[in-house]
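Enquirer: Let me give you the structure first, and then I'll get to my questions.
The values are calculated or read from the model by the stated rules, or taken from the named source; none is laboratory data. As the structure is a prediction and not an experimental result, all values here were calculated from the model. FYI the Cβ positions are ideal-geometry reconstructions off the backbone, even for glycines, and counts take in every protein chain you see.
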Amino acid sequence: MYTYKVAGPQVGIEQEIIRKSCEMIGYGSQSNGTFPTGGSMSNYMALVMARDTKDSHCREKGMSKPMIVYTSRESHYSNSKNASFAGIGKSNIRYIHTDSKGQMLPNHLEAQIIKDLDEGFVPTYVNATAGTTVLGSFDPIDKIADITEKYKIWLHVDGAYCGSVIFSDKFKYLVDGIERSDSFSYNAHKMLGTPLTCSVLLVNDKKHLHNSFSNDADYLYQTDGDDFNLGKTSFQCGRRNDALKFWTLWKSIGTNGLKQIVDQQFELADIARAYIKSNPDYTLYSFDDSISVCFNYQGIDPMTLCTALYEHQITVVGFGSFNNDTFIRLITINTNNKEYDILNFFKVLEAYVHKTSKIKKEVLEQA
Ligand SMILES: Cc1ncc(COP(=O)(O)O)c(C=O)c1O
């Protein structure tokens with residue numbers, strides 16, 4: 001995938017997906033992108049572009065002043081790893097408070113930026129999330145963009161988990177303001193269900209990809225023009241043609257089909273939430289317009305229950321935490337599931353709890 005000479009049609013396929021995606025989110029004629037190895041790598045590439053944009057000498061000479069990264073407490077853990085890889089340092093990440101739905105609080109973000117400026121730090125990069133890993137919350141991009149534009153800070157929107165809402169007329173409002181970001185990533189291998197890996201990173205101005213990731217290599221680049229020599233804008237040299245998986249899916253079901261995939265996941269989450277709300281044995285921790293359905297059952301410790309379900313080969317479901325609560329976390333991301341499967345999940349869980357509490361009771365009675 002590094003030169004047109006070697007990978008002609010595959011390069012065309014990747015560029016076509018990128019062009020269409022950029023159009024959908026309202027990026028302009030200078031936009032472009034690449035297919036990194038995943039959402040973590042997309043966050044990393046965005047951070048490196050932010051760093052090099054803030055300090056154009058950084059690539060050659062290294063960092064001269066401490067740069068600061070901002071992200072919410074609910075963001076993906078790759079932000080922490082990436083800060084160390086990029087030479088920023090983990091302690092130069094500011095974790096911004098969220099509201100009760102896990103969305104970054106813009107006023108806290110601005111207050112922290114002002115404090116850092118006062119103390120001589122260089123605010124460099126904001127990583128907002130479209131679909132936080134645990135709760136599936138969406139940070140308020142428009143309000144965050146007001147701040148990043150004001151202080152000239154790179155805004156990346158990490159949509160690895162739920163950025164594919166851009167395909168849904170009904171749910172794309174969740175990323176309102178996305179066209180104001182400097183970069184945006186989404187994983188087709190998550191919401192859209194392509195085989196792993198299939199991650200898209202888009203940049204509002206392609207020169208940043210080139211500035212941060214190009215390197216001359218006479219043995220490779222032997223044709224004129226670099227628009228189709230993707231090695232000049234990608235992290236690796238050789239890459240898999242991940243775009244082909246997405247291209248075949250898109251061609252086979254159309255944009256409308258992708259929209260239905262996304263909408264159905266929200267419908268399945270609605271079904272799960274409605275079931276939980278209608279049953280007093282359950283406590284619900286999540287909210288509408290999220291495909292992460294977080295709950296507890298009969299006040300049972302979620303870690304104990306999830307581990308027991310797994311160890312007894314009943315079903316596999318994880319748990320997560322937000323603020324002081326820990327809960328079971330059901331993700332309705334598999335579009336092959338139907339209403340029956342979601343309701344059956346609860347039936348299986350309840351049957352297991354019922355059976356185990358009956359056994360415990362019998363043992364107690366015999367004692
Ligand atoms: C919000 C978010 N960002 C990034 C990632 C990392 O994506 P990947 O596994 O493709 O590296 C995830 C994975 O769950 C995620 O939820």
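Enquirer: Would you be able to say whether some residue in segment 32-53 is away from the ligand (no atom under 16 Å from the Cβ), in the same structural domain as His156 (by TED's automatic domain parsing), surrounded by fewer than 19 Cβ atoms within 10 Å (Cβ to Cβ) and among the hydroxyl-bearing types (Ser, Thr, Tyr)?
Expert: No.
Enquirer: Enumerate the pairs (first residue in segment 144-158 and under 13 Å from Ser72 (Cα atoms) and in contact (Cβ under 8 Å) with a residue 60 or more places away in the chain; second residue anywhere and in a loop (DSSP other than H, G, I, E, B) and more than 16 Å from the ligand (Cβ to nearest atom)) with beta-carbon separation below 8 Å, excluding pairs fewer than 6 apart on the same chain, so at least 6 apart or on different chains.
Expert: What qualifies is His156/Asp182.
Enquirer: Need pairs with beta-carbon distance below 6 Å; first residue over 20 Å from Ile253 (Cβ atoms) and part of a strand (DSSP E or B) and within segment 188-212, second more than 10 Å from the ligand (Cβ to nearest atom) and among the aliphatic types (A, V, I, L, M); sequence gap 6+ or separate chains.
Expert: Leu201/Met45; Val203/Leu209
Enquirer: Okay, moving on. Would you be able to tell me the number of residues in segment 54-83 that are of a type outside the set (S, T, N, Q), closer than 21 Å to Leu117 by Cα and surrounded by 21 or more Cβ atoms within 10 Å (Cβ to Cβ)?
Expert: 5
Enquirer: Sticking with this structure for a sec: Please go through segment 286-338 and pick out each residue that is hydroxyl-bearing (Ser, Thr, Tyr) and touching a residue at least 60 places away in the same chain (Cβ under 8 Å).
Expert: Within segment 286-338, Ser286, Ser290, Ser292, Ser321, Thr332, Thr335 qualify.
Enquirer: Looking only at helices (runs of 4 or more DSSP H) that fall completely inside segment 54-132, which ones have 3 or more residues that are under 20 Å from the mean Cα position of the chain (by Cα)? Please lay out each step first, then the result.
Expert: Details: elements: 58-61, 78-85, 106-118.
Passing ranges, in order: 78-85.
Enquirer: Restricting to segment 154-180, and then to whatever is more than 15 Å from the ligand (Cβ to nearest atom) and among the hydroxyl-bearing types (Ser, Thr, Tyr), can you tell me which residue is surrounded by the fewest Cβ atoms within 10 Å (Cβ to Cβ)?
Expert: Tyr173
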